[in-house]
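Inspection log for the structure reproduced underneath, given as structure tokens.
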């Protein structure tokens, strides 16, 4: 945890914890941490599970209400420094545990599972407060926990995310993971045909990458994990010997349920335009895009189970894509 340099009295008034000195020993490094049923208007507040880092057994809904620290605040950056909740059920629903964010202009999907390291940006709606709610079912016991850093961003802050971007990446290279992406399959089972699904339903959000100076295009590729793009289809029934070579990758416009949108893509290996902006299936062909701004979108439908027109999605893990900006 990173503290804020404050006077000792100010830190005590905020019920903060002093962890050291700062400002040539004139100030104190103050960590402001809150848990269930709290309210905060302090920038750089940490929202933790009761007894963190010990495991939380669950119980009543755990909420924190976040008010702006001043009238120039436009966004709340939410860093999931440590976020381990129950996995979604076989149909992709956060039926056991969930985290929701309400009250702002940004529509935040209901999340669950393992999201350590993820960051989201939520717009404040005027003077309305934001409410973060973690629901943890006490009938399911495991090592759930969370530590969330809440950073308030001024309207003129260079780090503020562009409008419509739930997530925002900077730098010429990086890795974008879908929520709850993991190397191991989900062991949760349900009464449906779908088993082991890590991907959540009802996702519809934008991911933006800041175009760095001197760079005019961007490339997306699977990471080294053989399961790093399993967005739709039957992973358990796939031929694992060729899974990493874009087996079943669909770029023919047939992606109608769960898919990733990349504007105006071109296949890097051939230089040929893909012809559609939707990607789904099992496996991913490396593509580039010169469309600006740099953005991709994630969409999943209301069920990972079978429908009247499509078979069930089995053991999907979402995606992990490495991006590289291309110099002009």
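No other residue among 43, 2 is closer than 30 Å to residue 135 by Cβ, touching a residue at least 40 places away in the same chain (Cβ under 8 Å) and in contact with a strand residue (DSSP E or B) (Cβ under 6 Å, 6 or more places away or on another chain) apart from 43. Hey, any hits in region 83-98 for a residue that's within 29 Å of residue 13 (Cβ to Cβ) and in contact (Cβ under 8 Å) with a residue 12 or more places away in the chain? There is no residue in region 83-98 that is within 29 Å of residue 13 (Cβ to Cβ) and in contact (Cβ under 8 Å) with a residue 12 or more places away in the chain. The set of residues in region 271-288 that are part of a loop (DSSP other than H, G, I, E, B) and either free of Cβ contacts under 8 Å to residues at least 24 places away in the same chain or not assigned by TED's automatic domain parsing to the domain that holds residue 222 (or both) comprises 271, 272, 274, 277.
When you look at residue 58, is it closer than 20 Å to residue 84 by Cβ, modelled with pLDDT under 90 and in the same structural domain as residue 141 (by TED's automatic domain parsing), yes or no? The answer is yes for residue 58.
State the number of residues belonging to region 43-59 that are more than 22 Å from the chain's Cα centre (by Cα) and not in a loop (DSSP other than H, G, I, E, B). The number of residues fulfilling the criteria is 0. As for region 132-140, it holds no residue that is under 14 Å from the mean Cα position of the chain (by Cα), at pLDDT 95 or above and closer than 21 Å to residue 43 by Cα.
In the condition set (1) crowded, with 21+ Cβ neighbours inside 10 Å; (2) modelled with pLDDT under 85, residue 191 is compliant with all but (1). Applying the set (1) within 23 Å of residue 55 (Cα to Cα); (2) buried (at least 19 other Cβ atoms within 10 Å of the Cβ); (3) in the same structural domain as residue 57 (by TED's automatic domain parsing); (4) at pLDDT 95 or above to residue 117 leaves exactly one unmet item: (2). When region 78-96 is filtered for residues that are surrounded by fewer than 19 Cβ atoms within 10 Å (Cβ to Cβ) and closer than 18 Å to residue 150 by Cβ, the ones remaining, listed by number, are 79, 81, 82.
Here region 304-328 is the region considered, the condition is being surrounded by fewer than 18 Cβ atoms within 10 Å (Cβ to Cβ) and assigned to a loop (DSSP other than H, G, I, E, B), and the residue that is modelled with the highest pLDDT is 328.
The values are calculated or read from the model by the stated rules, or taken from the named source; none is laboratory data. Predicted model, so just to flag it, every value in this text is computed and none were measured. Reconstructed Cβ throughout: ideal geometry from the backbone, glycine too, with neighbour counts over all protein chains shown.
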